[in-house]
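Shown next, in structure tokens, is the structure this report addresses.
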Amino acid sequence: MTPILMLGAGRMGGAMIEGWLAAAAFDGRELMIRDPSPGPAARAAEAAGAMLNPPEAELARASTVVLAVKPQLWREAAAETAAWLGSSAVIVSIAAGVKSGDISKAFGGRCVARVMPTTAAAIGQGTASLYADDPAALARAHALFEPLGAVVDLTDEALMHAATAVSGSAPAYLYAFIEALEAAGASAGLSPKDAQRLARSTLTGAAALLARSGEEPSDLRRQVTSPGGTTEAALNVLLSDTGLPPLLREAVGAAVRRSKELGA
């Protein structure tokens, strides 16, 4: 399982490192990190004993290689490291859209698992969609991501495009919704500071209630929607034929198409 070689420690790779260290899932000394511009997470791991930008000869010790560079850079990362890796190293890729067969070929035929995680992994509240046709690679991905939150196994690699659109990209959808709600509150007369506090605390509280109660979102929605009331008036706009349902279908469809393009 270890050492774990991180190829890239940007926003998502850094979130994984932060989550592992916070959960004591892996010791810093079990990590090797290659990143030309290491950020705070990589530096914190280095302080905890990780090897930052080790020489190529050290890469042969890696049992697990996490491909965490941007999809446009993955071939370059593979070309720089594949020849130095041990034959039994398992590749775990979080590069959106890039097929496991292409990754395996670039890494000399090594076993590959694909994962689409979220940045809430940094606080142990992440969500990760996993796919691998090799049981050992899938088990390796589980060991990496179970300490960071929820994991969902996909039965078909083609579903990774949808998982990317519905989960991997979805935190940005929520943040965009919060931005828009804050702006709408300010336009309705609230001070920007009050609109910000009301929108953020209300939505994080609602999400926590959804997680804790186990109830369906539709049931919780009905519980706070009085007939003829203010919430119903707002939902008549949000759930209209031009509201959230068609907009989200269009947004998810756009993300799926881009995911396929990245893997072409």
message: among the acidic types (D, E) and over 26 Å from D134 (Cα atoms): is that true of E56 in this structure?
response: yes
field: Top-ranked residue in region 31-70 [being closer than 25 Å to S104 by Cβ and acidic (D, E); ranked as surrounded by the fewest Cβ atoms within 10 Å (Cβ to Cβ)]
entry: E56
message: Regarding region 88-105, can at least one residue be identified that is over 21 Å from the mean Cα position of the chain (by Cα) and of a type in the set (A, V, I, L, M, F, W, C)?
response: yes
task: Can you run down the residue pairs with Cβ atoms below 8 Å, 6 or more apart or on separate chains, where the first is in region 224-251 and among the polar types (S, T, N, Q) and the partner is surrounded by 10 or more Cβ atoms within 10 Å (Cβ to Cβ) and not in a loop (DSSP other than H, G, I, E, B)?
output: T225/T231; T225/E232; T225/L235; S226/E232
- request: Test E146 against the stated conditions and say whether it is of a type in the set (D, E), surrounded by 13 or more Cβ atoms within 10 Å (Cβ to Cβ), without any contact (Cβ under 8 Å) to a residue 60 or more places away in the chain and assigned by TED's automatic domain parsing to the domain that holds V66.
  value: yes
task: Identify the single condition in (1) in a loop (DSSP other than H, G, I, E, B); (2) surrounded by 11 or more Cβ atoms within 10 Å (Cβ to Cβ); (3) over 28 Å from the mean Cα position of the chain (by Cα) that D194 does not satisfy, given that it satisfies every other one.
output: (1)
query: What residue, of G214, G228, is modelled with pLDDT under 95 and on the phi > 0 side of the Ramachandran plot?
result: G214
message: Return the residues of region 71-96 that are in a loop (DSSP other than H, G, I, E, B), surrounded by 15 or more Cβ atoms within 10 Å (Cβ to Cβ) and not β-branched (V, I, T); say none if nothing qualifies.
response: L85, A89, A95, A96
query: So which of A199, A180, A208 is at pLDDT 95 or above, among the hydrophobic types (A, V, I, L, M, F, W, C) and surrounded by 13 or more Cβ atoms within 10 Å (Cβ to Cβ)?
result: A199
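The values are calculated or read from the model by the stated rules, or taken from the named source; none is laboratory data. The shown structure was predicted, so the numbers you read here are calculated from the model rather than taken from an experiment. Cβ: placed from backbone, ideal geometry, glycine included. Neighbour counts: every protein chain shown.
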